[in-house]
1. Which members of segment 93-116 meet the condition of being of a type outside the set (S, T, Y), at pLDDT below 95 and open to solvent by less than 50 Å² (accessible area, probe 1.4 Å)?
2. Restricting to segment 121-135, and then to whatever is touching a residue at least 40 places away in the same chain (Cβ under 8 Å) and over 10 Å from the mean Cα position of the chain (by Cα), can you tell me which residue is surrounded by the fewest Cβ atoms within 10 Å (Cβ to Cβ)?
3. Sort out which residues of segment 25-41 are among the acidic types (D, E) and either open to solvent by 30 Å² or more (accessible area, probe 1.4 Å) or more than 21 Å from V114 (Cα to Cα) (or both), and write them in order of number.
4. Could you run through segment 8-24 and say how many residues are in contact with a strand residue (DSSP E or B) (Cβ under 9 Å, 6 or more places away or on another chain), open to solvent by less than 60 Å² (accessible area, probe 1.4 Å) and in contact (Cβ under 8 Å) with a residue 12 or more places away in the chain?
5. Looking only at segment 62-71, which residues are out of contact with any Asp or Glu (no Cβ under 8 Å at 6 or more places or on another chain) and under 14 Å from R134 (Cβ atoms)?
6. Name the single residue that is most open to solvent (accessible area, probe 1.4 Å) among those in segment 42-72 being hydroxyl-bearing (S, T, Y) and within 19 Å of I113 (Cα to Cα).
Amino acid sequence: NNVVERGLAVVGRMAEDRKVALELNLDRDLPLIPLDILRMEQVVINLVNNAIQASPEGEKVVVNTLRISEYAAMEVIDCGCGIPIEQRENIFTPFFSTKKEGTGLGLPIVKKIVESQNGRLELSDNPGGGIIFRVLLPMMRAATF
């Protein structure tokens with residue numbers, strides 16, 4: 001939750017400038033997870049930044065933290081036009097971009113960081129339009145003696 005809040009503080013101004021609301025829903029019962037804080041902040045910043053850019057003026061980007069089975073999860077949900085099925089595999093390929101100003105490195109770096117933390121990055125359609133990116137990080141299990 002702290003990493004998510006710190007990342008959102010960085011992109012908050014961009015959301016205001018683009019007139020996109022940020023909605024944050026935190027699960028306050030998530031346990032602490034050992035991770036590389038600076039790299040995971042970069043994951044938050046990149047995913048939320050992409051969601052803001054994809055969402056039309058007047059819409060909102062929703063960021064949730066929640067528990068899914070043995071994972072702590074973060075969801076970034078936008079209201080943009082989505083990602084065509086045929087492009088979904090390519091978005092994690094370095095230098096592939098659908099944006100004029102994009103370098104094509106953001107999502108491949110996000111995926112690599114998440115995987116370096118023993119996590120997974122998932123992508124699905126937002127039923128209301130747009131995309132849901134979900135970061136899943138394994139939670140520590142209590143040691144048994």
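The values are calculated or read from the model by the stated rules, or taken from the named source; none is laboratory data. These numbers come from a predicted model, not from an experiment. Glycine gets a Cβ as well: all are built from the backbone with ideal geometry, and neighbour counts include every protein chain shown. Heavy atoms of the whole protein, side chains included, go into the accessibility calculation; ligands, DNA and RNA do not. Shrake-Rupley method; radii C 1.70, N 1.55, O 1.52, S 1.80 Å.
1. Hits for segment 93-116 are G102, G104, G106, L107, P108.
2. G128
3. Matches in segment 25-41: D27, D29, D36.
4. The qualifying residues number 5.
5. Passing the criteria: I68, S69, Y71.
6. Out of the qualifying residues, it is Y71.
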